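What follows is a single structure, written as structure tokens, with notes after it.
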Amino acid sequence: MLLDFDKLGAWKWALSAICAVMALFLLLPILFIVALSFGSSRWLIFPPPGWTLKWYEELFADPRWIGAALTSAKIGVIVMVFSVALGLLASLALVRGTFRGRAVLRAFFLTPMVLPVVIVAVALYAAFLRLGLNGTLPGFVIAHLIVALPFAIITISGALETFDPSIEDAAILCGASPWEARLRVTLPGIRHGLFSAAIFSFLISWDEVVLAIFMASPSLQTLPVKVWTTLRQDLTPVIAAASTLLVALTVILMIVAALIRKGKSE
Amino acid sequence: MTTPFLHINGIRKTYGDVVATDHVELSIAEGEFMTFLGPSGSGKSTTLYILAGFQDPTAGDIKLRGQSILRTPSHKRNIGMVFQRYTLFPHLSVGENVAFPLRVRRMGQAEVAAKVKRALSLVRLDGFEDRMPAKMSGGQQQRVALARALVYDPPVLLMDEPLSALDKKLREEIQFEIRRIHQETGVTILYVTHDQEEALRLSDRIAIFNRGKIEQVGTGPELYANPATHFVADFIGDSAFLSGRLATLQGGRAAIRFEGGQQIVDVPLHGAGQEGQAADLMLRPERMELTPEAGPAGASLPVTVQDITFLGNCTSVAARTDWGDALTVRLNFGHPLAGRVARGDRLNVRWSPEAAHAFVRS
């Protein structure tokens, strides 16, 4: 390797220090929030004067928080299903297709990744006003699908590109119709990619706040929106508890995704 | 005339201006082992893929037992195929891989189990049912692929350079297995390769492909003894080609004159030519002999030794003619000259008359 870590000499320590600082920089706010959610002070004092679970009790006793969490989960799951299904079809076309303009189409599919989310949100809000979709479940799902789909397409296309099309050809000569071959051979062959795409799609929806604020109505809001609106009214440690749970699910799903990738490489 | 078992009838395939195959015409008998031999891009794989139905020909037809198969989609052609790359289904065990063609044909469980067992036994992988493909060597994987392609008793088996990813020793081992399986099953095999040794070892007949066309079809010995074109002569066997001009022509035989005036007489001429036209004299290496003294006039040439390589069972002597063409002569182990020949030696090459062929340069 050009840059061998073991041969860097004194630089090794500098590099390690930079990595540690970066990790702390990224992780400290989260650790801070987690600590506060267990702190006994009403005023989010750090370090906490004592430890308690009462903010969690308050959180679980409040039907509005529970409702928001369930809404988030519901939207996340629906987005996940559609994102994987559409992502798979789009990837099949982009990777296996031979039509002209594939590169352009791929770039087009990926634009939501680089477009500022707030612009997408304003545009959707205006469009949904006409269609009456603001504040509805389909509205949320469509909005989140727009930002989740590029990730699904990247992940599934990647898996499909490493899956030799000759294997599909072999299945077809074995007597499977082209769709049967895809269903029984290609899909199981890229299942790691599909699982990763599902987890990322769910997480993108689960964490998303900008689009959700535009889509939300008093009766329908997701957990990040509930955190946001509560924060503006009243700075209670319940927010820290809700945030901790949000982060916890995210971390668990990221670990699952990492395990899937590890399983694939073995 | 009886209908041929498999008839490739004037297949032509073009991609825009590029002609991949040009009027490929071939009849294959039932149970025959036919090899398509040629360099890459010669149209041999394209022809095979048209047979498999992955590509449609621009013109021509393919008939199996007198029936055109071109309108039948690939998955209904009931053709077996082993690919160049490893194509086992990675998520299925060996047993389920071999069972796959039977499962899509909705065959009963007991029959599937019996056929899978028989197919694995045919490729000498008894008891490997539960193994996953990723845990097997390349040679084993290709043998499973062979079992999977044969388990549904297809009338034709296509093989597209199935051994090119394997090392030489393993390749020879599996070539032997393929021969045995061909004899045991009697299946008609179309085999694509660019390796002449492999083609000679396996095939009943070989079709030599070059630039989208079949140059010649015949058994190995036929092609070796009577190459129809310069290309065939060059592709089969490590022949020497000496460049000269046609001196005299008479009834399909010619005399060739080389630079410096030496003349080789009475060699069979392939291709139409006139006196004075450029032509090559082809000499097979095993029919040439090195001698210190000059041979009979018209069937021998003086050469200068350039390099000597000991190869175990023989010594390979690279030499040059006076006008600079290279040729290689093998001396068997124990040949009186083998230990004595040295770089720069002036020797004579002579050959038996039937070993020389003349080809008009195109």
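The values are calculated or read from the model by the stated rules, or taken from the named source; none is laboratory data. No experiment lies behind these values; they were computed from the predicted model shown. Here the Cβ positions follow ideal geometry from the backbone for every residue, glycine too, while neighbour counts run over all protein chains shown.
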* Pick from A:V141, A:V147, A:V185: which is among the β-branched types (V, I, T), touching a helix residue (DSSP H, G or I) at 6+ places or on another chain (Cβ under 7 Å), within 14 Å of chain B (Cβ to nearest Cβ) and surrounded by 20 or more Cβ atoms within 10 Å (Cβ to Cβ)? -> A:V185
* Structure fact -> Here the qualifying pairs (Cβ atoms under 6 Å; residues six or more apart or on different chains; first in region A:165-187 and among the polar types (S, T, N, Q); second outside any helix (DSSP H, G or I)) come out as A:S166/B:F83; A:S166/B:R85; A:S166/B:T87
* Structure fact -> Per the filter on region B:233-274, residues surrounded by 21 or more Cβ atoms within 10 Å (Cβ to Cβ) and β-branched (V, I, T) are B:I236, B:I256, B:I264, B:V267
* Kindly list, by first and then second residue, each pair from a residue in region B:219-232 that is surrounded by fewer than 17 Cβ atoms within 10 Å (Cβ to Cβ) to a residue that is assigned to a loop (DSSP other than H, G, I, E, B), limited to pairs with Cβ atoms under 8 Å and residues at least 6 apart or on different chains. => B:T219/B:S203; B:T219/B:D204
* **Any chance B:I50 is more than 19 Å from B:Q142 (Cβ to Cβ), in a helix (DSSP H, G or I) and more than 8 Å from chain A (Cβ to nearest Cβ)** => yes
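One line per residue, one yes/no per condition, for (1) loosely packed, with under 15 Cβ neighbours inside 10 Å; (2) in the same structural domain as A:I153 (by TED's automatic domain parsing); (3) farther than 30 Å from A:L160 by Cβ:
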site: A:F25; (1), (2), (3): yes, no, yes
site: A:R42; (1), (2), (3): yes, no, yes
site: A:A73; (1), (2), (3): no, yes, no
site: A:L89; (1), (2), (3): yes, yes, no
site: A:V95; (1), (2), (3): no, yes, no
site: A:T98; (1), (2), (3): yes, yes, no
site: A:G101; (1), (2), (3): yes, yes, no
site: A:F108; (1), (2), (3): yes, yes, no
* Structure fact -> Of the residues in region B:280-305, those that are more than 26 Å from the chain's Cα centre (by Cα) and within 20 Å of B:N332 (Cβ to Cβ) come to B:E289, B:L290, B:T291, B:P292, B:E293, B:G295, B:S300, B:V303, B:V305
* Considering only region A:146-196, state which residues are in contact with a Phe, Trp or Tyr (Cβ under 8 Å, 6 or more places away or on another chain) and over 21 Å from B:Q141 (Cα atoms). => A:A148, A:L149, A:P150, A:F151, A:A152, A:I153, A:T155
* Structure fact -> Subset of region B:291-322, residues in a loop (DSSP other than H, G, I, E, B) and either surrounded by 13 or more Cβ atoms within 10 Å (Cβ to Cβ) or not assigned by TED's automatic domain parsing to the domain that holds B:G260 (or both), comes to B:G295, B:G298, B:A299, B:D322
* Structure fact -> Among residues of region B:206-232 being hydroxyl-bearing (S, T, Y) and part of a loop (DSSP other than H, G, I, E, B), the residue nearest to the chain's Cα centre (by Cα) is B:T219
* Asked: Scanning for something in contact with a Gly (Cβ under 9 Å, 6 or more places away or on another chain) and of a type in the set (V, I, T), does region A:255-262 turn up at least one residue?
  -> no
* To do: Kindly check whether there is at least one residue in region A:157-171 that is touching a Pro at 6+ places or on another chain (Cβ under 9 Å), facing another protein chain (nearest Cβ under 7 Å) and surrounded by fewer than 19 Cβ atoms within 10 Å (Cβ to Cβ).
  => no
* The one condition in (1) in a loop (DSSP other than H, G, I, E, B); (2) within 30 Å of B:D234 (Cβ to Cβ) that B:M159 fails to fulfil -> (1)
* Asked: Considering only residues of region B:72-129 that are of a type in the set (G, A, S) and not in a helix (DSSP H, G or I), which is farthest from the other protein chains (Cβ to nearest Cβ)?
  -> B:G127
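Results for (1) within 30 Å of A:T230 (Cα to Cα); (2) of a type in the set (G, A, S); (3) exposed (fewer than 14 other Cβ atoms within 10 Å of the Cβ); (4) over 26 Å from the mean Cα position of the chain (by Cα), shown as yes or no for each residue.
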| residue | (1), (2), (3), (4) |
| --- | --- |
| A:K7 | no, no, yes, yes |
| A:W13 | no, no, yes, yes |
| A:C19 | no, no, yes, no |
| A:I33 | yes, no, no, no |
| A:L59 | yes, no, no, no |
* Among (1) at pLDDT below 90; (2) assigned by TED's automatic domain parsing to the domain that holds B:G138 - the single one B:E198 does not satisfy -> (1)
